[in-house]
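What follows is a short report on a single structure.
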Number of protein chains: 4
Amino acid sequence: MQDIRFKPERSQYVYTFGGAEPALRITPGTVLRLWSEDAFNFALRSTSDLPDRLDMRYVNPQTGPFYVEGAEPGDTLALHIVDLTPARGFGASTTIPFFGGLTGTDRTALLQEALPSATWIYEVDSARQTVGFQSRFGDLEIALPIECMLGTVGVAPAAGEVRTSLVPERFGGNMDTPEMKVGTTAYLGVNVEGAMFSIGDGHYRQGEGEACGTAVEGAMDSVIIVELIKGSAPAWPRLETDDHWMVVGSSRPMEDSWRIAQVEMVDWLGEMFGLHRMDAYQLLTQIALAPIANVVDANYSVVVKVRKSLLPSSEAFDGMHRRLREAAAEAR
Amino acid sequence: MQDIRFKPERSQYVYTFGGAEPALRITPGTVLRLWSEDAFNFALRSTSDLPDRLDMRYVNPQTGPFYVEGAEPGDTLALHIVDLTPARGFGASTTIPFFGGLTGTDRTALLQEALPSATWIYEVDSARQTVGFQSRFGDLEIALPIECMLGTVGVAPAAGEVRTSLVPERFGGNMDTPEMKVGTTAYLGVNVEGAMFSIGDGHYRQGEGEACGTAVEGAMDSVIIVELIKGSAPAWPRLETDDHWMVVGSSRPMEDSWRIAQVEMVDWLGEMFGLHRMDAYQLLTQIALAPIANVVDANYSVVVKVRKSLLPSSEAFDGMHRRLREAAAEAR
Amino acid sequence: MQDIRFKPERSQYVYTFGGAEPALRITPGTVLRLWSEDAFNFALRSTSDLPDRLDMRYVNPQTGPFYVEGAEPGDTLALHIVDLTPARGFGASTTIPFFGGLTGTDRTALLQEALPSATWIYEVDSARQTVGFQSRFGDLEIALPIECMLGTVGVAPAAGEVRTSLVPERFGGNMDTPEMKVGTTAYLGVNVEGAMFSIGDGHYRQGEGEACGTAVEGAMDSVIIVELIKGSAPAWPRLETDDHWMVVGSSRPMEDSWRIAQVEMVDWLGEMFGLHRMDAYQLLTQIALAPIANVVDANYSVVVKVRKSLLPSSEAFDGMHRRLREAAAEAR
Amino acid sequence: MQDIRFKPERSQYVYTFGGAEPALRITPGTVLRLWSEDAFNFALRSTSDLPDRLDMRYVNPQTGPFYVEGAEPGDTLALHIVDLTPARGFGASTTIPFFGGLTGTDRTALLQEALPSATWIYEVDSARQTVGFQSRFGDLEIALPIECMLGTVGVAPAAGEVRTSLVPERFGGNMDTPEMKVGTTAYLGVNVEGAMFSIGDGHYRQGEGEACGTAVEGAMDSVIIVELIKGSAPAWPRLETDDHWMVVGSSRPMEDSWRIAQVEMVDWLGEMFGLHRMDAYQLLTQIALAPIANVVDANYSVVVKVRKSLLPSSEAFDGMHRRLREAAAEAR
C-alpha cells in the first residue's frame, strides 16, 4: 500500500476539473496525505480583508489532479476520507457581492444593490475543537464545534469538458455537502483515463445550504484512501458511511437536484435489494432523508440519504466501504 | 383548562383552509383530542383498491376548523402536539397517475405515460410500534418504525382566500414535514378572527420529500394544546421543539421555499439574539440544517432548522414552548 | 341579444375570483359594456403618489362577477373582446418594494434593500393614440403607441377555492398577457354554476414579461360579448384571434408554465387536425411562438401561439370565434 | 476584405466551445462562407433511422473554431449573418429518449417510460422555399416556409472552461433562437485570445421553445462577416437587426434566463439613451418583447427584444450593425 504525502506549490494549484496535467500518478489502494489551500487562496486573513481582495479567476484551488492507474471510463473511483484536520489556526467566511443564496446573483439577475461586503474570522481552538463566531456588527461570540468536511471532490468531466472548480455536477466537484466528512466513502463514475480526481475547499464547518456562499473556509490536511472498482459507474455521485447510503444530485432548479438524487437512489436500492422500481419508489418515499447541500453554487446540490439500519443488511459495491474502513484504521 | 374530544362525522369533513364554518369554538389553553380521517377518505383499504377509487374533490379531509376566542389578525396561534397515535390498524400509500415527485404532473406537464397505479398497505404492529412495508412487485417485507406526524396543520388564509387542503403556504396547510410530530409547537400567524385552524393528513411515517406523493396515510388520534399569543405573527410557519427552532417555507421553485425559510430564520435569530441581519446570515450559514419536507404538493416545502444547543440560551415567544411542554405533561 | 352597460360603485369592486355574489346575471350572447378601475384603485395620480399609498388588500379591483345563465362545470365560457378604450386621461406605473421581476420578492426572499419606489404617469394623447413615457430620473420623453389589453380575465376556481385577483391560474385570472386585446376570444373552462367571471386590470400598454410588475395601468371601457359552449372545457385558458390560436399556462418555475401551455396546445392541435400526440409535438416544435406574458405575479404566465396560416383551415369550438367576430361587427 | 470558403472534413468537426485548435486564423472584416453538418452528424436520413443511431458524444458538430487576429479578452466579436441556405435536400427532426421539453430528462429525472422514438424527414422544396412536414402516425402533410437560422454560435468560454456544443451560456453557444437568422448581427464578449468562435446546428426552421429538442436540422451554407470591436464586451450575447435590439439569457430555471436578458437590456438601454436604471426598467417594462428560444438544452434560453422604432434613433456599438449591413450588401 503506497502512502504519499503531497502539498502543492502555489503554482501547482488547479482551478478546473479536467484540462490539467496530473500532479501525481497513483495506484489503487494508495493512502494520500494531502494539504489544500482555502477557497480564498489565503487572501482573507483578517476582518479588514474584504472580498474585493479576491481574484475570482483564482478561487477554490484544487489539490490534484491525481491520475489513478488502471481507471477507465465506466469504472468507479472510491475515495474514503480517513481524516480531516484544520491546517491553519483560523478559518474565514465572507459575503461576496452578488454571490450567495439570499442575494441576487449573475444568474438570478436583479437590479438591487449588493449586500454589504464583510469578512468573519473564526479562530480555531484545537483543544476544545471549536471555531469562534464573532459578530461583525454586534458583540455576540459563540464557539461552534469543528466539523470538518471537503466542499469539493471530483473527477474530470465527460465529453471533453473542462469545468471550473466552483461547479458541482455529475462528476462531483463543488457539492458543498457536510456529508463529505471523515468516515465517508465517495463513489464517482470515471469519465477519462486515470479518473483525474482532485480535492479542495476545506470547511471547518458548514450549515446545510451554505446560505451566504462561503463556509468556515480553511486550509486542510486530508487523509484519503483511493480505490478503484472496475465498471459499475454510478450516474451521479454516491456516498456511503457506516450508517447511511447517499446520492448527491446537482442541477437547477433545486427540485431537479432532488429528482436526480432520488432517481439514482431508487436505482441503487433496486440493485441492492432486487426491488422493482415502483417498490423502491414507494419504500424510499417512507424512509428518505433529504438534506440540502448548497443553494449557492453554479448548480444547487441536494443529498438523498437512507439509513442502513432501516433496511436488511446489504453491501454496496461488493463491500468496498467496509474494506476501506478497515484500511483506514491502519492508515490513521 | 378545557379538555375537548372531537371526532367529525363524515359530513363534517372540510377540504379547504378558509371558507368553512367553525366546527367548535374554543378558548386558548384548550386541550383538543381529535380524530382525523386519512388523506384518502378511507377509500384505500387493500392493495386491490387503486387510486382511481379516489374522488379527488374529496381528499385530505380536515378536522376543524376551530375558532379560537380572542384570535385576531396579527396574532400568533401556538399549537403544541402532545400525542399522535394511529387510529386504525393499517396505513395506506399509493401512486396516483401524474401526481408525485418523480413523474410529470398537471404543472410539470409532459407527454409521457403515467406511472403504474399501485397501492401499498402497511399493517400496524402496535406492540413493536412498526408498520410493515410489503413489496407489490416482489417479495421484500420490512418492518419500519412508526413515527407519527401530521401532514396538514393550518389556519385560514389572508385576503379572503380559500385554499384546498392540498396546499402548503404562509398559512401552514399541507406542509408534509416529518417535523410536525409529538413534542413540536407550531406557531402560525393569524389572518382572520378566530384563526380558524384545522388539522389532518396523519402519517404513520414519511420520508423527507414524500417522493411518491403519499406517505403511510392513516386515521390519527391527535392530542393538541391550543394557545394564543397576542401579536408577533411570524410571516411564515415557525416550529419549535426542545432541541430545535425551525421555519417552513413553501413555494416554487424549491430554491424559493428555502430562501423563504432562510430569511425568516435570519429574522428570528435577529429577534432572539439581537443580531444584525448580516451577522445572522453569516451565523446561520454555518449552523443551519435544511431538510426538505415535500416536493410533491401544490407548493414545495423546505424546513430550515437550528439546533438550540449551538446557541446561547434563549426563549422564543416568551417561553411559550416550555409552558406548553409543561401543560402537555399534565394533559397526557 | 342583450346589451348591458355596467360600471361598479367602489363598494362593488371585487378582489377575488370566487367567493363573491354576482354583480349581474346575464344570458349567453350578451354584449357587456364595462368600466373597470385601474389596478391601483386610483391611488396613484401623480408622480408624487408613491406606492406606499396602496392598500395591498385592495388592489386589482375586478368588475363582476357575472353569472352566466346555463353555465355548468365542464362547459366553456367564450369571451370576445370587441373594444378596449382608455377611460381616463392618464395611466400610471410604479415600482413597489419587493414586487416585480428584477427584485427579490416575498417568494424569492432575499436580504437586499428594496429598489427605490417611484411612480411614472403616462398622459394619454387620444388623437395620436399614444401614452407619454417621462423619465423620473432624467429627461427622456417618448410617446408610445396605445395598445390596450386586459390584465385580468377569469372565472371562479374549482374545488371551492377563492383566489385573489393577483393570481393567474387554470381559471384565467391575472395572466397579464398583451394577447388579451381587441379581437381576441378567450375560452375558459367553467368550474361553478354561472361561471362567475370578472375582468379588470386594464393596461394602456404592456411589454411581454411586465418586468417591473405594473404596466401602464388605467381605468378601461371594455366591450365584451359573452357566449357559452356546452361542454368542451379546456384544461387551461385558450385564446383565439383571426390569425392565431393560443394557450396560456401559469405556474412556477417558468418552464412549467411553458410546459402546461405546450401540452395543452399539443392536445388542441390533436383535436383540430386529428394528429397523434407525437406528430402534434413534432409539428408544434417547428411552428410554435412562445411569448412570455408575465414573470411577476403569484404564478408566471407563458403563451404558446400558433399561426393559423401555417396550417390547414380549421375551426376551433365549432367556429365560435368567427361568429363572435360577426357579432362584434354589429355590437361596435 | 478577405473572402474565405471553408468546409470542414468530418475529422475536423469540433464538439466543444474552447479546447480546440483553430481551424483558421482570420482578420477582422473577413467574409466567411461556411458549410456546417447537421446536428445529427448526418446519421438520420430516413424515417427508419431512429435516434439510437446517434452517438451522443458526437452531436452538434461545429464548424470552426476561428481565431480572430487581434481579439483579446474584454473585446467584442461581431458576427453578421449575410446568408443562410440549406445545403441538403432534406432536414430531419427526431424525438430522442429522455431529451426534450415535454419529457423527463437526465435533469428533470423521473421514473416514467421514455416517449416513443421517431424521426421525421422534411423534404426541401427550393422553388417554393418550403420544407414538408409529414405525419409519422397519421397522414397530415403540410408545407412550411423555410426560415433558416443557426442554432449554435459561440466563442470559447472564460476561466479555462471547455463546454460541449450543446450548451448555451454567456459565451453564446447552443442558444437555439430563431432570431439568429439572415440580417442579424451577434455581439459576443471575447474571453480568450483570438475569440475562437464557431458556428453550427443549422435549422431550416424552428418554433420558439424547440419543444421536442430538435428543429428541422440540416446541413447549412452560411455567409458570415466577422468584425471586432475593441473593448465593450457585453456580459451576455446581444443581437441586432434593422428593427430590433435583443439580448439572449441562458440559465435555469427559465425565469433566471429572462432575468439575465432583462437586466442586460436595462443596461444596454441605459448606455444608449443615458437612462437611469430605474427609468430603463420602467421603460423596458412597457416595450419589451420576450420570446422564448429553447426549453430543452443544458440551459434554457430567453430573448428580450426591443423594437427600435419605439425609441429615439440610436446606434449601438458605434453603428457596427449598419456598417455590417453595407458590407453584407457587397458580400452577397
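Taking the Cα centre of region D:14-128 as origin and assigning +1 to Lys and Arg Cβ atoms and -1 to Asp and Glu Cβ atoms, the resulting dipole is close to 160 debye.
Placing +1 on the Cβ of every Lys and Arg and -1 on the Cβ of every Asp and Glu, with no other charges, gives the protein assembly as shown a dipole of roughly 0 debye about its Cα centre.
Over the Cα atoms of region B:41-105, what is the Rg over Rh ratio if Rh follows Kirkwood? Computed over Cα atoms, the ratio is 1.09.
Model label sites at B:Ile4 and B:Glu72, defined 7 Å from Cα along the beta-carbon direction, differ in position by 2.1 nm. Computed over the alpha-carbon pairs of region C:238-331, the distance histogram in 5 Å steps reads 3, 14, 22, 22, 16, 12, 8, 2, 0 percent, short to long. GNM remark for chain D: springs join alpha carbons under 10 Å apart, and the peak mean-square fluctuation among D:Val216, D:Val304, D:Val192 falls on D:Val192. Working value for chain A: equivalent-ellipsoid semi-axes of 30, 23, 20 Å, each the square root of 5 times a Cα gyration tensor eigenvalue, largest first. Peptide C:202-214 is shielded by partner chain Cβ atoms: per residue, an average of 6 of them sit within 10 Å of its Cβ.
What FRET efficiency comes out for D:Ser11 versus D:Glu326 if R0 is 35 angstrom and r is the Cβ-Cβ distance? Round to the nearest 0.05. Calculated transfer efficiency: 0.40.
In the protein assembly as shown, helices alone account for a calculated mean residue ellipticity at 222 nm of -4000 deg cm²/dmol, with every DSSP H run of four or more residues adding -39,500 (n - 2.57). Going down the list D:Lys181/D:Lys230; B:Lys7/B:Lys181; C:Lys305/D:Lys7; C:Lys7/C:Lys308; C:Lys181/D:Lys308; D:Lys7/D:Lys308, which pairs span over 30 Å between their C-alpha atoms? Pairs exceeding 30 Å: C:Lys305/D:Lys7; C:Lys7/C:Lys308; D:Lys7/D:Lys308. The packing ranking of peptides D:104-114, C:149-159, highest mean first, is C:149-159, D:104-114, where packing means the average number of other beta carbon atoms within 10 angstrom of each residue. Comparing mean-square fluctuations of A:Gly138, A:Gly100, A:Gly249 from a GNM of chain A with C-alpha springs under 10 Å, the top value falls on A:Gly138. Restricting the GluC sites (Glu not before Pro) of region B:242-332 to loop positions (DSSP other than H, G, I, E, B) with no more than 15 neighbouring Cβ atoms within 10 Å leaves B:Glu315.
The charge dipole of region D:3-229, taken about its Cα centre with unit charges on the Cβ atoms of Lys, Arg (+1), Asp and Glu (-1) only, comes to about 240 debye.
Our summary gives chain B a relative contact order of 22 percent, counting only alpha carbon pairs under 8 angstrom and 6 or more residues apart. Each other residue within a Cβ distance under 10 Å of C:Leu102 adds +1 if Lys or Arg and -1 if Asp or Glu, for a net charge of +2. Between D:Asn41 and D:Asn60, the built amide H atoms are under 5 Å apart, and every one of these is 5 or more places off in sequence or on another chain. Per residue, the convex hull spanned by the Cα atoms of the protein assembly as shown measures out at 168 cubic angstrom.
Relative to the current alpha-carbon distance between D:Lys181 and D:Tyr58, full extension at 0.36 nm per residue lengthens the span by 41.8 nm.
Taking other Cβ atoms within 10 Å as a rough exposure proxy, D:Val167, A:Val266 sort from fewest to most as D:Val167, A:Val266. Counting only DSSP beta bridges whose two residues both lie in region C:175-332, roughly 95 percent are antiparallel. Shielding value for C:245-255 is 6, the average number of Cβ atoms from other chains within 10 Å of each residue's Cβ.
Across region D:144-227, the convex hull enclosing all Cα atoms gives 100 Å³ per residue. Within region B:234-278, find all residues whose amide N lies under 18 Å from a label point positioned 7 Å from the Cα of B:Asp318 along Cα-to-beta-carbon. Under 18 Å, as judged by backbone N against the label point of B:Asp318, lie B:234, B:271-273 of region B:234-278. Among beta bridges identified by DSSP and lying wholly in chain C, the antiparallel ones come to about 90 percent. Scoring B:220-232, D:284-296 by mean Cβ neighbours within 10 Å over their residues and listing the highest first yields D:284-296, B:220-232. How high is the FRET efficiency between B:Ala235 and C:Ser117 when r is their beta carbon distance and R₀ equals 25 Å, given to the nearest 0.05? Efficiency at R0 = 25 Å is approximately 0.75. Computed from Cα atoms alone, the Kirkwood hydrodynamic radius reported for region A:15-160 is 18.2 Å. Translational diffusion of region A:187-244 was estimated from the Stokes-Einstein equation, with Rh taken as the Kirkwood radius over Cα pairs; at 4 °C and 1.567 mPa s the coefficient is 91 µm²/s.
Each reported figure results from applying straightforward, stated rules to the coordinates on display, with no laboratory input. On a predicted model such as this, the values are computed, not experimentally measured, just so you know. Every residue, glycine among them, receives a Cβ derived from its backbone with ideal geometry; neighbour counts consider all protein chains shown.
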